[in-house]
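Values quoted throughout were computed directly from the atomic coordinates according to the rules given, and no laboratory measurement underlies them. Keep in mind that what you see is a predicted model, and the values were worked out from it rather than measured. Using ideal geometry, Cβ is built from the backbone for each residue, glycine included, and neighbour counts are taken over all protein chains shown.
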Amino acid sequence: MSAAPGPVVEFAQVFKIYGAGDTEVRALDGVDMRIDAGEFVAIMGSSGSGKSTAMNIIGCLDAPTRGEYRFRGVDVGALDQDQRALLRRHYVGFVFQGYNLLARTTALENVELPLVYRRVPTRERHEQAMAALVAVGLADRAGHTPAELSGGQQQRVAIARALVSSPSLLLADEPTGNLDSARKHEIVELLVRLNRQLGITIAMVTHEPDMGQYVSRVVMFKDGRIVDQGLPADVSFAGPISNRPLSQRGGA
Amino acid sequence: MIHLTLVMALRQIRRNTLRSFLTMLGIVIGVGAVIALVTIGEGATAKVTADIGKLGDNLLIVQPGGFRRSSGFQSANAFTKEDVDAIRRDVPGAEKTAPTAGKQALAVWGNRNWRTSVTGTTAEYLEIRTYTVAEGRTFTEAESSAGQPVCVLGATVRKELFGSDRALGESIRVDKLSCEVIGVLTAKGQSGMGQDQDDVVLVPLRAAQRRLAGNNDVSGIYVTVASGRSTTRVKTQIEELLRERRNIAAGAEDDFNVRDMAEIAQTVSSATGALTALLGAIAAVSLLVGGIGIMNIMLVNVTERTREIGIRLAIGAMAREVLLQFLVEAVVLSTIGGVIGIGAGLLGSWAATRALNVPFVVVPNILVVAFVFSAVIGVLFGYLPARKAARLNPIEALRHE
């Protein structure tokens, strides 16, 4: 199923339920979703809408309580922790809101980290990591530690780390959340470029409507369900998402 | 992978140099103490053995009382002057023979006194024990046999009683015996077993028997074996002679014992062995404490680096790889501590052996044991924190502030 184009991510009636009985919380409440190879999808919604839970499951960090999640055709629910770790190692790249680079470790070494776990020999590791840094425009900062880089630069190092292993899916969790608006656009434009030029499939979780303008498709979450999806132009970003009158219930 | 893990561990340790050092300190002290004590102990044993060797490997000491491995010494009749004469006469290999009879007594001169060990013996005893006379002379044959009230003082006794005053010709009192000081011995210093060999007063055997002990007992016989004669053979001859003289039935156990210096050296080394066991116990405790220190810091480390662990897990590290990483870190910490401890221990013991004037003897085995042990400590006490790290949930770890 790895042949492109094809579904990288397939959700079939996925539930993620925490607690039981009265305290039961449905973080995902029967989600059907599909992300095809080459897509750049924005997963949007207010906090508590289930988008982070969806993201954790998509990234194979978590498994659904019920329903089926297929990543590259593999039923992730049937895998144990180590097998999921191997899936992440070989096919998923992560970009986080807080950059999550290793402190006091150079940019190059940070980018090399996924390759270390892939047992890539030292020289190739250097070369590939350097190439990734070039791709994000930070070749001249390879020897700098995160403390010596600006927020935007740190996030670009994180992106280089995510794409260094040529993942089937790059997952970006609020990648622009900590940046000023000029840097926000820079980062998303970088992601768009990676998507267009390298054909990397990207799923980006964000709650910022203007970030949604860059992507090929928006998936809107609310209360654990997908309430809307389509081209950015067709999905309403007007006003705070929590004010949309689709549901008055609280919940997760 | 393992060498990368090692590199990562070393880097992590270097990042927090002070903390890492303090963490290791327990191991450093534990290992250092063991190495130092064992090395010093070994040096002391070597010195004792050498001192005993100096006494002569041809020396036999005959004492009353049988020696049983199980019950130790049993009391028995002392020897007599006739036993000594018999050895002299009938054992051809016995070169010099000296009887001894002694007790602890208070030596008094003027208003000074000093508790010391008084030994009644003959002039031959000085030769056997390699004492030399610094001032005056030793007993004559006539003084010995008549039990004249004369005495020869060890250097310590001379100093304590007379200070800078002249001792020769003075009369001192030892218990009920008043005697004239006819000689002072050259200082010999401590014996290998820690006794002051100069804290002695030597008097003629007869004088000691009559005036101090009040009997005719000889409590010990020193015999040197003539060169070219077998020590073992002379020992057997003395044993046979004494069995006959003491009417011991065939098959019955000896009620006396003849010991050569090799045996005494063995006794000393077995005492050292007991000491080593004790040191081992102390070392085990200090290493335990050191290990707990490492566990403590590794637990703090895991908590502090929760986010890093989250990143690694998200990127695709398997639980066992995270476990290995933290375990390797603990082991590297503890083995570096072990190596520093070995160095410090050797350095310390080198200085101590210099100060104590004993040889510096490095025991290679203990170095290897200390190294391996410190690594084992790292594994044992690093496992729990490493497991804690490996069991973290990546999602929660990433959210950790």
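Taking the C-alpha atoms only, the angle from helix B:231-245 to the longest principal axis of chain B is near 50 degrees.
Among B:Ala98, B:Ala146, B:Ala50, the largest mean-square fluctuation in a Gaussian network model of chain B (Cα springs under 10 Å) belongs to B:Ala146. Going by alpha carbons, how many degrees (0 to 90, nearest 10) lie between the helix axis of B:364-390 and the longest principal axis of chain B? In chain B, helix B:364-390 runs at an angle near 30 degrees to the longest axis.
Would you mind putting B:245-251, B:164-170 in packing order, based on average other-beta-carbon counts within 10 Å, highest first?
Values: B:245-251: 10.0, B:164-170: 12.0.
Per-residue Cβ counts within 10 Å, averaged per peptide and sorted highest first, yield B:164-170, B:245-251.
Compute the relative contact order of chain B as a whole-number percentage, counting only Cα pairs closer than 8 Å that sit 6 or more residues apart in sequence. Computed value for chain B: 29 percent relative contact order.
Scattering from the stretch B:83-225 was approximated by placing one identical point on each alpha carbon and applying the Debye formula without solvent; log10 I(q)/I(0) at 0.10 1/Å stands at -0.31.
Placing dummy labels 7 Å off each Cα toward the beta-carbon, the span from B:Glu180 to B:Val379 is 7.8 nm.
State the answer as a single residue: which of A:Ala135, A:Ile187, A:Ile58 lies farthest towards the positive end of the charge dipole of chain A, with beta carbon charges of +1 for Lys and Arg and -1 for Asp and Glu, about the Cα centre. Toward the positive end, the furthest listed residue is A:Ala135.
Sequence gap at least 6, Cα distance under 8 Å: using those rules, report the relative contact order of the stretch B:83-225 to the nearest whole percent.
Over the stretch B:83-225, the number comes to 35 percent.
Computed from Cα atoms, the angle from the helix A:122-135 axis to the main principal axis of chain A rounds to 70 degrees. Among B:Lys388, A:Lys51, the order by Cβ neighbours within 10 angstrom, fewest to most, reads B:Lys388, A:Lys51.
Straight-line reach from B:Lys103: taking Cα to Cα under 27 Å and skipping same-chain neighbours fewer than 8 places apart, the lysines in range are B:Lys54, B:Lys81, B:Lys159, B:Lys176, B:Lys188, B:Lys235.
Packing here is the average count of other Cβ atoms within 10 Å per residue, and on that basis the peptides A:154-166, B:14-26, A:15-27, highest first, run A:154-166, B:14-26, A:15-27.
Taking every alpha-carbon pair within chain A, the share separated by more than 23 Å comes to 50 percent. Remark: B:Ser269, B:Ser144 ranked as B:Ser269, B:Ser144, counting other beta-carbon atoms within 10 Å and listing the fewest first.
Partners of A:Lys222 within straight-line reach, counting lysines whose Cα lies under 26 Å from its Cα and excluding those fewer than 8 residues away in the same chain: A:Lys16, A:Lys51, A:Lys184. The Kirkwood radius of the protein assembly as shown, taken over pairs of alpha-carbon atoms, gives through the Stokes-Einstein law at 37 °C and 0.692 mPa s a diffusion coefficient of 101 µm² s⁻¹. Measuring nothing but alpha carbons in chain B and taking Rh as the Kirkwood radius, the Rg to Rh ratio lands at 1.24.
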